[in-house]
1. Hey, can you tell me all the residues within region 254-268 that are under 18 Å from residue 357 (Cα atoms) and out of contact with any strand residue (DSSP E or B) (no Cβ under 7 Å at 6 or more places or on another chain)?
2. Of the residues 288, 298, only one is outside the structural domain of residue 84 (by TED's automatic domain parsing), more than 26 Å from the chain's Cα centre (by Cα) and in a loop (DSSP other than H, G, I, E, B); which?
3. Output the residue which, of all residues in region 119-128 that are in a loop (DSSP other than H, G, I, E, B) and free of Cβ contacts under 8 Å to residues at least 60 places away in the same chain, is farthest from residue 52 (Cα to Cα).
4. Output the residues belonging to region 84-118 that are in a loop (DSSP other than H, G, I, E, B), within 23 Å of residue 352 (Cα to Cα) and touching a helix residue (DSSP H, G or I) at 6+ places or on another chain (Cβ under 9 Å).
5. Just checking, which of 264, 312 is within 34 Å of the chain's Cα centre (by Cα) and assigned to a loop (DSSP other than H, G, I, E, B)?
6. Given the structure, is residue 269 free of Cβ contacts under 8 Å to residues at least 40 places away in the same chain and either outside the structural domain of residue 328 (by TED's automatic domain parsing) or under 30 Å from residue 329 (Cα atoms) (or both)?
7. So residue 44 clears everything in (1) more than 27 Å from residue 215 (Cα to Cα); (2) modelled with pLDDT under 95 except one condition, right? Which one?
């Protein structure tokens, strides 16, 4: 990979030695005590890395502990039913991660004897694992000399080298990956990579970074040039779209109707109450009847509104109206994706966050 052109002595051997020495010394004294840092088990580290994608550390800790208690190794995860995996993942969001984790565990069980692979090429062949994740797992668990680049390290490396390009572009990514590769020490690569991430998370924050507490402030080109607040180039602001949806709660003979979300739908594989976006064409009661018939195969009449919930999913801000509905033709068979469930059994079904909130409205638990 071509070496990036940088000012002064940046990336010189002396600069890199100072960076490594100061950063590792700081990390030894300031590293957070996280459970996945107490193990070299690649499976456990892998699970933590997947969970930490787009999710805060404080949220991940209890999920990781529960997941590892149920699935201590790849064989146990591979043998599990996907519904159980999704149920344990419930609340973490981005459920594709859980399905890919499960698929990768089955590949490990069938092709690697249940042991997490230790070569970069083999790890990259697993579902849901890209360059960063493979590098993180193998550097942390086996101290392999592999670079990492994710949100925190992008910010740290951009500021250290005063990179004023857009890190989200292919050119920006190539530039920063090259830097990440060149600054790796000959040993203690796992600790060094974790230290970079820790620095970005705890000190070199996006806004108001604590430069006075930074262990490598003397090496930071952005600080010397007074550009810390301008680097990295801000990401384009997400444009949110307001959406109104309806969830239909149908109860009959002491049971409630659930529907499994199908491939290509939001929350594929999870269960939910029949849910749809309001089109705005025609009367809402007619739309509830038509869409519930389409989604679950039953004829209903809309009843009262039970609650309104607000939540966000990716770029959508959703207002969800929850309506009761009465079934008009009890004898009619429901669709294959739908199921009547006892309220006491709802806890066994993996649901979205709003689906679980609706369950609590129904059961009071």
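The values are calculated or read from the model by the stated rules, or taken from the named source; none is laboratory data. Every value quoted in this text rests on a predicted model; they were computed, and no experiment measured them. When we count neighbours, we look across all protein chains shown, and the Cβ atoms used for this are built from the backbone with ideal geometry, even at glycine.
1. So in region 254-268, the residues under 18 Å from residue 357 (Cα atoms) come out as 255-261, 266-267.
Listed by number, the list holds a single entry, 267.
2. It is 298.
3. Looking only at region 119-128, we keep the residues that are in a loop (DSSP other than H, G, I, E, B), and these are 119, 125-128.
Next, from what is left, pick out any that are free of Cβ contacts under 8 Å to residues at least 60 places away in the same chain: 119, 125-127.
Numbers: 119: 22, 125: 20, 126: 17, 127: 16 Å.
Ranking the candidates gives 119 first.
4. Answer for region 84-118, where residues must be in a loop (DSSP other than H, G, I, E, B), within 23 Å of residue 352 (Cα to Cα) and touching a helix residue (DSSP H, G or I) at 6+ places or on another chain (Cβ under 9 Å): 90, 91, 92, 93, 95.
5. 264
6. no
7. (2)
Residues are listed down the side, and each one gets a yes or a no for (1) touching a strand residue (DSSP E or B) at 6+ places or on another chain (Cβ under 6 Å); (2) at pLDDT 90 or above:
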{"position": "285", "(1), (2)": "yes, yes"}
{"position": "294", "(1), (2)": "no, yes"}
{"position": "297", "(1), (2)": "no, yes"}
{"position": "309", "(1), (2)": "yes, yes"}
{"position": "330", "(1), (2)": "no, no"}
{"position": "356", "(1), (2)": "no, yes"}
{"position": "359", "(1), (2)": "no, yes"}
{"position": "363", "(1), (2)": "no, no"}
